[in-house]
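Just below is one structure, and these are the notes that go with it.
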Amino acid sequence: MGAYFSEIFRGLQSLATGLGITFKEFFKPVVTVPYPYETIKMSDRFRGHIELVENEEGKPKCVACGMCQRACPSGCISLASKSVEYEVEVKGEMKTKKKKVLTKYNLNFTTCSLCGQCVESCNFGAITFSKEYNLASSRKEDFHFDLLNRLKERNS
Amino acid sequence: MSGPIHIQPGETFTLNVGPQHPATHGVLRVKMEMDGEYIVKAETVLGYIHRMHELMGENRTYPQVLPNLSRLDYLGALGYTHGHVLAVERAAGIEVPERAEYIRAITVELNRVASHLFWFGAFVMDLGGFTPLMYAIEDREYILDMLEAVTGSRLTYCYYRFGGLYNDIDDEFIDRARAFIPRMRKSLKKYDALVTGNIIFRKRLEGIGPISAEMCRKYGATGPVARGAGINFDVRKNEPYSVYPEFDFDVPVYDECDSLARYKVRMDEMEQSLRIIEQGLDKLPDGPIMPKKKPKLIKPPAGDYYQAVETARGSFGIRIVSDGTKNAYRFKLRSPTYSNMSLFDEACEGMMIMDALAMMGSLDLVIPEIDR
């Protein structure tokens with residue numbers, strides 16, 4: 001009989017302890033953010049979708065070697081290039097040389113798993129992660145990014 | 001419309017829990033044959049989110065499989081990627097710098113705390129208490145922010161590379177991790193007073209949901225489930241890997257075999273993880289995070305390689321059979337939750353349904369990892 005009542009007493013005591021803890025939490029500062037009105041700044045290393053990096057002239061740094069395309073596990077990068085002849089001065093002589101210029105750089109973000117192997121494989125530092133995370137849409141096409149266009153829009 | 005169904009005495013009926021059910025924490029289906037509120041027979045049905053990760057491991061080159069491993073278990077992803085990189089490093093004979101191994105151990109332990117915290121919240125919510133989940137998520141958020149600043153993602157990390165890491169940790173991370181340890185210790189005391197002592201919580205778990213050591217051995221259960229049944233097995237101690245032999249930590253073991261024992265094991269494990277993080281931050285050596293010599297194309301010599309690691313849920317094993325090409329010939333994942341879940345069928349026979357669901361919560365099931 002004594003054990004019965006002592007258990008009830010200890011049980012009520014444990015409930016009161018719990019209520020005390022939750023009561024204390026009322027006076028703690030708020031830790032959440034009212035999201036659409038306030039947003040959190042993403043950390044420097046946050047991995048959004050990839051983005052092309054520009055050189056001093058505002059052109060993409062990319063030399064269209066295709067390493068990122070090969071490194072990608074899910075094949076979400078597709079790029080195209082054309083060769084352009086240009087003239088350089090080598091030892092006082094004008095010579096024509098060929099180089100590849102990027103004409104298309106598409107990212108299919110629907111299959112990207114943000115592993116970062118494209119950025120890691122790039123020897124020219126031509127791609128980086130964006131900080132964008134407010135991506136929501138009901139249409140699949142909204143996640144097929146034309147990165148070359150995005151770069152142009154950023155510059156204009 | 002017919003009237004209410006009257007069940008005759010002695011008649012059983014089939015009850016489907018899931019595939020969409022809050023108690024199963026994912027798309028797991030349990031077919032239960034019920035006699036009133038008592039379970040006569042239960043059968044777990046799997047395969048609703050099978051994604052063929054093992055086959056993908058055989059079709060892709062070794063580095064291309066890296067992001068797959070973190071999709072197995074979204075709560076403790078770093079432990080699984082750790083197992084994968086260790087297995088491939090063993091196969092290809094890649095040396096790992098000491099600093100990288102220390103950072104791996106620190107981040108894995110942080111992830112383990114985050115995983116256990118979420119389990120703690122979800123488990124108490126299964127039993128009907130909503131508030132502890134909010135407190136647990138607040139602490140977990142702190143870890144996720146910390147890991148996001150280093151790894152770049154919040155849940156599905158792809159941070160480890162063969163031979164090292166994607167990028168180094170900075171002073172900010174070390175300061176935050178140091179500040180986190182006393183904060184978490186304070187929180188653990190709070191959880192202890194709020195939940196462990198609670199009379200309703202204890203009445204629902206004490207002596208209920210027995211999983212004996214024998215049953216654990218029969219089904220190959222590992223991790224907190226086995227340690228709650230008195231089996232002192234932890235891969236970090238029994239088959240040491242990485243830099244774990246250099247840390248001083250205990251393996252919590254309880255002999256009660258009930259749901260409360262499994263709860264206690266996980267709560268104690270968080271404290272031990274904090275100890276490992278503390279020591280790791282103190283001992284953290286300087287140096288590179290990637291080896292100087294690293295093969296450009298990973299082609300392990302032909303052979304059979306196995307590596308087991310202790311993840312938040314138990315022993316995770318990865319077997320790679322290489323035929324000397326850039327793809328694995330066989331890529332086998334032994335996931336702990338699969339074994340832990342298999343014993344549910346036998347263990348819940350004759351239990352009341354609410355007790356069985358409480359026991360299911362104490363197994364810490366993460367379904368994508370069962371259906372990998």
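The values are calculated or read from the model by the stated rules, or taken from the named source; none is laboratory data. Everything numeric in this text was worked out from a predicted model, so none of it was measured. Neighbour counts are summed over all protein chains in view; Cβ atoms, including those assigned to glycine, are modelled from backbone coordinates with ideal geometry.
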- Name the strands (runs of 3 or more DSSP E) wholly inside segment A:37-139 in which the number of residues that are in contact (Cβ under 8 Å) with a residue 60 or more places away in the chain is 2 or more. A:50-52, A:127-129
- Identify, please: which residue in segment A:9-39 is within 9 Å of chain B (Cβ to nearest Cβ) and aliphatic (A, V, I, L, M) and is, among those, nearest to A:Leu107 (Cα to Cα)? A:Val31
- Query: Of all residues in segment A:44-67 being within 13 Å of chain B (Cβ to nearest Cβ) and surrounded by 16 or more Cβ atoms within 10 Å (Cβ to Cβ), which is nearest to A:Cys115 (Cα to Cα)?
  - Reply: A:Arg47
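Quick check: anything in segment A:101-112 within 28 Å of B:Tyr62 (Cα to Cα), basic (Lys, Arg) and surrounded by 12 or more Cβ atoms within 10 Å (Cβ to Cβ)? Working first, answer last.
Within segment A:101-112, the first condition is being within 28 Å of B:Tyr62 (Cα to Cα), and the residues that meet it are A:105-112.
Still in the running and basic (Lys, Arg): none.
No; the residues of segment A:101-112 include none that is within 28 Å of B:Tyr62 (Cα to Cα), basic (Lys, Arg) and surrounded by 12 or more Cβ atoms within 10 Å (Cβ to Cβ).
So, in segment B:54-98, of the ones that are assigned to a loop (DSSP other than H, G, I, E, B) and more than 15 Å from B:Tyr160 (Cα to Cα), which residue ends up nearest to the other protein chains (Cβ to nearest Cβ)?
Just the residues of segment B:54-98 that are assigned to a loop (DSSP other than H, G, I, E, B), to begin with: B:60, B:62, B:70-76, B:93-97.
Still in the list and also more than 15 Å from B:Tyr160 (Cα to Cα): B:60, B:72-75, B:93.
On the way: B:Arg60: 6, B:Leu72: 13, B:Asp73: 15, B:Tyr74: 13, B:Leu75: 17, B:Gly93: 22 Å.
The qualifying residue nearest to the other protein chains (Cβ to nearest Cβ) is B:Arg60.
Within segment B:214-233, track down each residue that is surrounded by fewer than 24 Cβ atoms within 10 Å (Cβ to Cβ) and either within 14 Å of chain A (Cβ to nearest Cβ) or within 26 Å of B:Ile106 (Cβ to Cβ) (or both).
Here is the first cut: in segment B:214-233, the residues surrounded by fewer than 24 Cβ atoms within 10 Å (Cβ to Cβ) are B:214-215, B:217-220, B:230-233.
B:Asn232, B:Phe233, listed by residue number.
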- Could you count how many residues in segment B:306-340 are in contact with a strand residue (DSSP E or B) (Cβ under 9 Å, 6 or more places away or on another chain), closer than 29 Å to B:Glu214 by Cα, in a strand (DSSP E or B) and hydroxyl-bearing (Ser, Thr, Tyr)? 2
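Where in segment B:170-281 are there helices (runs of 4 or more DSSP H), lying fully within it, with 1 or more residues that are farther than 18 Å from B:Arg104 by Cα and aliphatic (A, V, I, L, M)? Steps first, answer last, please.
Numbers: elements: B:171-191, B:199-205, B:213-219, B:223-227, B:235-238.
Passing ranges, in order: B:171-191, B:199-205, B:213-219, B:223-227.
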- Item | Selection count, segment B:128-153, where residues are at positive phi and either buried (at least 21 other Cβ atoms within 10 Å of the Cβ) or assigned to a helix (DSSP H, G or I) (or both) | 1
- Go through (1) at pLDDT below 85; (2) over 17 Å from B:Pro336 (Cα atoms) and name the single condition B:His25 misses. (2)
- Among the candidates B:Ile211, B:Ile143, single out the residue that is more than 9 Å from chain A (Cβ to nearest Cβ) and within 19 Å of B:Val113 (Cα to Cα). B:Ile143
